[in-house]
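Some notes on the structure that comes next.
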Amino acid sequence: MCGIIGYAGRSEAVPILLDGLERLEYRGYDSAGVAVVSPENELQVVKTKGRLSVLREHLAEQDPLKGQIGIGHTRWATHGEPNDTNAHPHVGADGKIAVVHNGIIENYLEIRASLERKGIHFASETDTEVIAQLMEYYYRKLGNLMNAVYAVLGRIQGAYAMGILCRDVPGQMIAARKDAPLLIGYGEDGNYIASDVTALLAHTRTVTYMEDGEVAVLTADSVQIYDRERAPIDREKHTVDWDVSAAEKGGYAHFMLKEIMEQGEAVRKTVSPRLQDGRIVLPELAESAEFLKGIRKINIVACGSAYHVGMVGKYVLEKLLRIPVDAYLASEFRYSEPLLGEDTLVIVISQSGETLDSMAALREAKKGGSKVLSIVNVMGSSIARESDIVLYTWAGPEIAVATTKAYTTQMVLLIMLGIYMADVNGRVAADEYAALVNGITELPEKIESLLGDVDICQKAASHYFNRNSVFFIGRNLDYALGLEGSLKLKEISYIHSESYAAGELKHGTISLIEPGTLVVALATYAPLLEKTRSNIVEVRSRGADVIVVATEETAPAVRDQATELLIIPSTHPLLQPVLGVMPLQIFAYYVALNRGCDIDKPRNLAKSVTVE
Ligand code: G6P
């Protein structure tokens, strides 16, 4: 969703802002803009609807905006349609203060009305303009920028990460945060703010995560953070271990393809530090053995693909732990008066660590007295910081909107957690434990061998890319896998697609099957192979074309029913979905490629969904 970059330094700001905005593009946006204070202390603003290329054109048409301090923004419209006026930065009526903002100001209508009564005229429909206008109002009244900033923060309600420039204080950039991510970067040629670390990687890997209620003042040479009471505070600096190449395409046509191909390495990085002498080692849980023994129920809560990981987790953890495990969509969980308490563990799964519904569900869980363990990819993110225990996936930055390597690493880590907990509770026999650990150890190589040959998936995609509707079917773990396969396909190719538990077909869906309907049947879960085979026969006999995904072990039993057969390496049945998702990702990718879709930035979607 919206992205922020800001720079105060000794180099020209515009190229740095544009580069930062380009690296934030993946989050999804519909307009973009920059504000720069010139050497003559003028506040210059250029903003426009559309892609960054349009902003670049606008900037090129004018004299290059000179200035070494500036803020930039990519906007994903919430209040007011995407147009030039509603784009950020927003400037107050006196033309002195410019603001970029992520989040939503809940009481903006009331503040707007009170400012309008004072004769202040608004140009846009946005909640953000209220911040700029109110700040100028207080600045006029109080005569001091920091006083005005704190006065505004005292009036507004809601979520914000913001960058502020004032032409009267030309060397200073001010940042403020509450319930929306914002970090500070310390570079050699100046200092930065950004909503997302990927915007900074080209300049610095030394960062500080701002906390709720804090305000920071940045100049070319200094950074000072203040708390809610305006007392200066020292905050620890972190070194981000992602490097800039991890956030670049590196010769691939799309980030999605690159990230699919990185899955072997991402899984290796996530699992190998946690495997020692045939044991799963989770130092994050070292102090929690007694707590883990007392857990009677697990709720897994997440959105989108992370929820689909939760569905896999429901099946796997329940089998391993023999306690009830449920997977919930965070947007439903938070309003469902969930049954919580000390003996219920809530597991929140999130790549970004910033998804608003997942965050709200986390808070609900804590309020209800449950401990929250999160599985998160982005270090220092809000969900990671508010959880009682965090297990990080080490997938590296994920840029494509459609998740691949984050999904896979989340799944492996969740399964490892399940095995670890089953062991602590004495629920897993030694030979089964060894078989699972062995399976996990072998996963990276199996993934690499699978991804080394994608021709058959690519060919299947070129046969079927023009279908209007696709059904995914499977049972148990294969059902959970189908949910993700179907989402991958629809989100990037815009083909209508649904996923069904194969046993449920005859209760309705089978009426949709007619000659030529495309069905993707997942037959990777060996314990239910015969049942799934019967369902494949049912759709085949009604004329469906069936792409069957099977393992080396299950393929012989389904080969005769498959229009196309995609074979993946076999592993322990509980780990099979880790490999099973890959042909589905590749199929979706090549279908979308054949259809000429914008694969990395599908229409209407955002990478990190920070609104409800
Ligand atoms: C968006 C992304 C999905 C992701 C979901 C949850 O919809 O496009 O790929 O699964 O958000 O995001 P999170 O960062 O919480 O995993």
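Return a whole-number percent for the relative contact order of the chain, with Cα pairs under 8 Å and 6 or more residues apart as the contact set. In percent, rounded to a whole number, it is 12.
Going 7 Å from the Cα of Ala434 toward and past its Cβ, which residues in the range 251-286 have a backbone nitrogen under 11 Å from where you end up? Those under the cut-off are none; the list is empty. For the range 3-241, pairs of C-alpha atoms spaced more than 27 angstrom apart make up 25 percent of the total. Out of every Cα-Cα pair that the range 453-612 contains, those further apart than 19 angstrom amount to 50 percent.
Under 5 Å between amide hydrogens, built in the peptide plane, is the criterion, and for Asp30 it picks out Arg75, Trp76, Ala77 among residues at least 5 positions away or on other chains. Between Ala231 and Lys249, the contour length at 0.36 nm per residue exceeds the Cα-Cα span by 2.2 nm. Distant-in-sequence amide contacts of Gly213, defined by a placed amide H-H separation under 5 Å and a gap of 5 or more residues or a different chain, comprise Arg177, Lys178, Asp179.
What pairs in Lys371/Lys446; Lys531/Lys601; Lys49/Lys258; Lys459/Lys607; Lys366/Lys405 have C-alpha atoms more than 31 Å from each other? Violating the 31 Å Cα-Cα cut-off are Lys371/Lys446; Lys531/Lys601. Residue-wise HN-Hα couplings along the range 215-227, as the Karplus relation 6.51 cos²θ - 1.76 cosθ + 1.60 with θ = phi - 60° gives them from phi, are 10, 10, 10, 10, 10, 4, 10, 8, 9, 10, 9, 10, 8 Hz; Gly and Pro carry x.
Shown is the FRET efficiency for Glu125 and Lys293, computed with R0 = 51 Å from the Cβ-Cβ distance and rounded to the nearest 0.05: 0.40. Phi angles of the range 542-553 translate, via the Karplus equation with coefficients 6.51, -1.76, 1.60 and θ = phi - 60°, into HN-Hα couplings of 9, x, 5, 7, 10, 8, 9, 9, 9, 9, 4, 7 Hz per residue; Gly and Pro are given as x.
Considering only Cα atoms, the convex hull volume of the range 243-451 works out to 113 Å³ per residue. Counting only Cβ charges, +1 for Lys and Arg and -1 for Asp and Glu, the dipole size of the chain around its Cα centre is about 740 debye. For the range 3-241, relative contact order (Cα pairs under 8 Å, six or more residues apart, normalised by length) works out to 20 percent.
Our summary of shape: the Cα atoms of the chain have principal axis extents of 78, 55, 44 Å, ordered from largest down, in whole angstrom. Neighbours of Leu18 by Cβ distance under 14 Å: Lys/Arg scored +1, Asp/Glu scored -1, total -1. Straight-line cross-link reach from Lys96 at under 15 Å between alpha-carbon atoms covers these aspartates and glutamates, not counting any fewer than eight positions away in the same chain: Glu40, Glu42, Glu129, Glu136, Asp168.
Of all DSSP beta bridges confined to the chain, the antiparallel ones make up roughly 60%.
For the range 436-567, the residue among Ala460, Val519, Leu477 whose Cα projects farthest onto the positive side of the dipole built from Cβ charges is Val519.
Applied to the range 285-299, the Karplus parametrisation 6.51 cos²θ - 1.76 cosθ + 1.60 on θ = phi - 60° returns per-residue 3J(HN,Hα) values of 10, 4, 8, 10, 4, 5, 4, 5, 6, x, 6, 10, 7, 10, 10 Hz, with x for Gly and Pro. Taking Cα centre as origin and charging only the Cβ of basic (Lys, Arg, +1) and acidic (Asp, Glu, -1) residues, the dipole magnitude of the range 243-451 rounds to 260 debye. Over the chain, DSSP H runs of length four or greater, each weighted -39,500 (n - 2.57), average out per residue to a 222 nm ellipticity of -11000 deg cm²/dmol. The alpha-carbon of Lys488 sits under 18 angstrom from the alpha-carbons of these aspartates and glutamates, leaving out residues fewer than 8 places away in its chain: Glu259, Glu262, Glu398, Asp478, Glu498, Asp598, Asp600. Maximal additional length on extending the Asp84-Asn594 stretch stands at 180.3 nm, based on 0.36 nm per residue less the C-alpha distance. Sites listed here are GluC sites (Glu not before Pro) in the range 106-208 whose DSSP assignment is loop and whose Cβ has at most 12 other Cβ atoms within 10 Å: Glu106, Glu188. Footprinting exposure proxy ranking of Met146, Met582, Met411, Met261, fewest other C-beta atoms within 10 angstrom first, gives Met146, Met261, Met582, Met411. Along the positive direction of the dipole of the chain (beta-carbon charges: Lys, Arg +1; Asp, Glu -1; about the Cα centre), which of Met256, Gln157, Leu575 reaches farthest? Farthest towards the positive pole: Gln157. As a rough footprinting exposure proxy, the listed residues Glu287, Glu364 were ranked by other beta carbons within 10 Å of their own, and the order from fewest upward is Glu287, Glu364.
Averaging the sequence gap over all C-alpha pairs within less than 8 Å and six or more residues apart, then dividing by the number of residues, gives the range 243-451 a relative contact order of 29 percent. Its alpha carbons give the range 532-607 an Rg and a Dmax of 15.2, 42 Å. Ranking of Ile473, Ile586, Ile510 by neighbouring Cβ atoms within 10 Å, starting from the fewest: Ile510, Ile586, Ile473.
Bear in mind these aren't lab numbers, they're just calculated from the coordinates by the rules spelled out. As the structure is a prediction and not an experimental result, all values here were calculated from the model. Reconstructed Cβ throughout: ideal geometry from the backbone, glycine too, with neighbour counts over all protein chains shown.
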